[in-house]
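Just so it is clear, none of the values below were taken in a lab; they were calculated from the coordinates. Note that the structure is predicted; figures quoted are calculated from it, not measured. A quick note on method: Cβ atoms are made from the backbone with ideal geometry, for glycine too, and the neighbour counts reach across all protein chains shown.
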Amino acid sequence: MKKPSQTEPADLSLLQEENRKNEQERRRIRTERERLLAHLAGNRRALEEMEQVRGRREAMESEWAGLRPLERAANGYNDRGLAFEQYVLSVYLDDILQAANRRLRAMTGSRYELYRMPAPKDRRSRGGMDLEVYDQYTGKRRSVKSLSGGESFKAALALALGTSDVILQYAGGIQVETLFVDEGFGALDEESLDQALDALISLSGGNRMIGIISHVEELKSRIDRQIVVERTKNGSRIRSGGLEG
């Protein structure tokens, strides 16, 4: 019977190297474990804070739940599709239009009146501040964009004067003592020019000063006090003028 071979002696240097590698791996695993535990602790703290925030949010939502319908209505989710600020502005605009129409009727022989268009029924659109004009000749309303240049000028002038009237009405002590009208008269025919000037003259009959900035020659014979800007080869200069000179 054959004898078993004897085991060869172990290589001590190999065992030491393997032990060194195992020790390094153990230290790496321990370091990684500590890092993960710290990360886990941070996540737990964050979760606790999130739970607290969610609890406060739910309490607030429960407390203010009754205001949600009011908030939605104020932001335009209502039958008129008007946000609260638009509604307030529309009230002021209605007053301005009422005052402006008195002026516009006088300047157009009672033909035109301005109205605020109703808000669109489409909830995706916000409106209620656009204007349309009622034409007494046709008995219908149409877009203000259909007005001619001269008609648009008279409508804009009427709105400016109406705004001035409403400011005086609402703001007690505030006085609009000066109003400047810059150009626009060139688009008016003779009759329209007379109507516009009559409106301005009637407005200036009190304690207001109306300034007109224009290049229209016909105005020179109708304005008694003038400041004329003249162009010379040495530059522009101004001089005072009037009907007498």
Check your understanding: What is the extension gain from Leu12 to Arg56, computed as 0.36 nm multiplied by their sequence separation minus the C-alpha to C-alpha distance, in nm to one decimal?
Key -> 9.2 nm
Revision key, fill the gap. Under the 7 Å Cα-to-Cβ spin-label approximation, Trp64 and Gln24 lie apart by a distance in nanometres of 5.9 nm
Practice item. Quote to one decimal, in nm, the extra length available between Ser240 and Tyr137 on full extension: 0.36 nm per residue of separation minus the C-alpha distance between them. Key: 32.7 nm
Exercise for review: With only Lys, Arg, Asp and Glu charged, each at its Cβ (+1 for the first two, -1 for the last two), find how big the charge dipole of the range 84-173 is about the Cα centre; round to the nearest 20 debye.
Suggested key: 320 debye
**Study point:** Viscosity 0.692 mPa s, temperature 37 °C, Stokes-Einstein D of the range 23-99 from Kirkwood C-alpha radius, µm²/s
**Key:** 184 µm²/s
Check your understanding: So how do 36-43, 223-230 stack up, highest first, on mean other-Cβ count within 10 Å?
Key -> 223-230, 36-43
Check your understanding: Fully extended, how many nm does the chain gain between Leu89 and Glu71 (0.36 nm per residue separation, minus their Cα-Cα distance)?
Key -> 4.7 nm
**Study point:** Largest to smallest principal axis extent of the C-alpha atoms in the range 84-173, angstrom
**Key:** 41, 36, 20
Practice item. Can you put Leu200, Leu168, Leu12 in order of Cβ neighbours within 10 angstrom, beginning with the fewest? Key: Leu12, Leu168, Leu200
Point to revise | Computed FRET value (nearest 0.05) for Gln98 with Ile227, which takes r as the C-beta separation and R₀ as 35 Å | key: 0.55
